[in-house]
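Undergrad: Sharing a structure with you now.
Just so it is clear, none of the values below were taken in a lab; they were calculated from the coordinates. Predicted model, so just to flag it, every value in this text is computed and none were measured. No Cβ is skipped: glycine too gets one built from the backbone with ideal geometry, and neighbour counts run over all protein chains shown.
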Amino acid sequence: MTVSDLSKQSGFRSLAMPFPDREVSGVYVGDLLSWVMGRANEGDLWLTIMTNVNVIAVATLTGVSAVLLCEDCEPDSELIKLATEKGINLLVTDKKIYEACLFVGEALS
Amino acid sequence: MGEPLTFHFDVDGDNFTSAGEASLSMKKNLRQLGISPEIIRRVSIAMYEGEINMVIHAGGGTADVTVHSDRIEILLADRGPGIENIDLAMREGFSTAPENIRNLGFGAGMGLPNMKKNTDSLVVDTALGVGTTIRMTVLI
Ligand SMILES: Nc1ncnc2c1ncn2[C@@H]1O[C@H](COP(=O)(O)OP(=O)(O)OP(=O)(O)O)[C@@H](O)[C@H]1O
Ligand SMILES: [Mg+2]
């Protein structure tokens, strides 16, 4: 499933979608950046509550297909600007991480 | 590839919200050189962790990357406080990151372990009150 399809199906709001056709090949959840850096796989959808600009560097270097900010976390405006600049798909939802995971799991299966 | 290619970066120690610049631009350079995605991923993740460490723990430093035909070398050097116990620092979960840094998502104590995991060799040279030099090699 592509990031754009996932966003449409789920109602996850798109804050930046420079690469709508990227395939979501897995899921990773985490807020500790170097933990994510060590464990997230290329193509994963990354669910987090972290909203500072370092998220973009981690997303770029791990090659995740999109970042999904959960639990209604308000991103820094700088984050959205940077996501567009660096080519990172950025989505947001008010769902709790667990509920967002259930939804994504369903959509991907 | 003939002569090795070298890249130099000054890593600013003041601004940890824009840190990662050197690693991100190195990633671009490697892509332009046609290095394989897996090698690029390993090099840029290891370099990023080292770069962030220099910003957070050492007030900045320098990064020098040399691309040889058979390997990529990353040299990180800072004049920070040094690492008191390197065996401890290499352990997963060990961190001295202060509260304000942890709030940004750092401080899992996974940076040095990630650097080790993603490189073929990692050599740390550190002295208290003098600084830290880290040399990492990734074989192509
Ligand atoms: N360049 C450095 N200068 C001084 N101390 C350092 C340096 N790099 C690492 N350290 C020390 O080693 C510890 C472990 O580093 P490591 O990168 O593994 O974890 P961290 O930076 O604390 O957290 P994380 O990388 O998970 O965000 C640090 O907390 C710090 O005490
Ligand atoms: Mg670190």
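Undergrad: Looking at B:Gly82, B:Gly93, which is the one that is within 14 Å of chain A (Cβ to nearest Cβ), farther than 24 Å from B:Val43 by Cβ and over 11 Å from the mean Cα position of the chain (by Cα)?
TA: Answer to the check: B:Gly93.
Undergrad: Continuing with this model, one more query. So which residues in segment A:1-16 are more than 16 Å from A:Pro75 (Cβ to Cβ) and either crowded, with 21+ Cβ neighbours inside 10 Å or hydrophobic (A, V, I, L, M, F, W, C) (or both)?
TA: Residues satisfying the conditions are A:Met1, A:Val3, A:Leu6.
Quick grid of which residues meet (1) within 13 Å of another protein chain (Cβ to nearest Cβ); (2) in a helix (DSSP H, G or I); (3) of a type in the set (Phe, Trp, Tyr):
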{"position": "B:Ala19", "(1), (2), (3)": "yes, no, no"}
{"position": "B:Ala22", "(1), (2), (3)": "yes, yes, no"}
{"position": "B:Ser25", "(1), (2), (3)": "yes, yes, no"}
{"position": "B:Lys28", "(1), (2), (3)": "yes, yes, no"}
{"position": "B:Gly34", "(1), (2), (3)": "no, no, no"}
{"position": "B:Met47", "(1), (2), (3)": "yes, yes, no"}
{"position": "B:Asn53", "(1), (2), (3)": "yes, yes, no"}
{"position": "B:Thr62", "(1), (2), (3)": "no, no, no"}
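Undergrad: Just one of B:His68, B:His8 is surrounded by fewer than 18 Cβ atoms within 10 Å (Cβ to Cβ), farther than 27 Å from B:Ala89 by Cβ and more than 14 Å from chain A (Cβ to nearest Cβ); which is it?
TA: Sole residue among the options that is surrounded by fewer than 18 Cβ atoms within 10 Å (Cβ to Cβ), farther than 27 Å from B:Ala89 by Cβ and more than 14 Å from chain A (Cβ to nearest Cβ): B:His68.
Undergrad: Report, by residue number, each residue of segment B:96-106 that is surrounded by fewer than 22 Cβ atoms within 10 Å (Cβ to Cβ) and either within 14 Å of another protein chain (Cβ to nearest Cβ) or within 12 Å of ligand 2 (Cβ to nearest atom) (or both).
TA: B:Thr96, B:Ala97, B:Asn100, B:Ile101, B:Arg102, B:Asn103, B:Leu104
Undergrad: Related question: Only one of B:Asp14, B:Asp87 is of a type in the set (Asp, Glu), more than 25 Å from A:Asn52 (Cβ to Cβ), over 13 Å from the mean Cα position of the chain (by Cα) and within 16 Å of ligand 1 (Cβ to nearest atom). Can you tell me which?
TA: Only one candidate qualifies: B:Asp87.
Undergrad: While we're looking at this one, here's another question. Which residue, of A:Ile80, A:Ile97, A:Ile49, A:Ile56, is under 24 Å from B:Ser95 (Cα atoms) and in contact (Cβ under 8 Å) with a residue 40 or more places away in the chain?
TA: A:Ile49
Undergrad: Could you give every pair whose Cβ atoms fall below 8 Å, whose first residue belongs to segment A:26-46 and is more than 7 Å from every other protein chain (Cβ to nearest Cβ), and whose second residue is in a strand (DSSP E or B) and charged (D, E, K, R), counting only separations of at least 6 or pairs across chains?
TA: From segment A:26-46, the pairs are A:Gly26/A:Asp44; A:Val27/A:Asp44; A:Tyr28/A:Asp44; A:Gly43/A:Glu23.
Undergrad: Next up: What is the residue count in segment A:17-56 for residues that are more than 16 Å from A:Asp72 (Cα to Cα) and part of a strand (DSSP E or B)?
TA: 6
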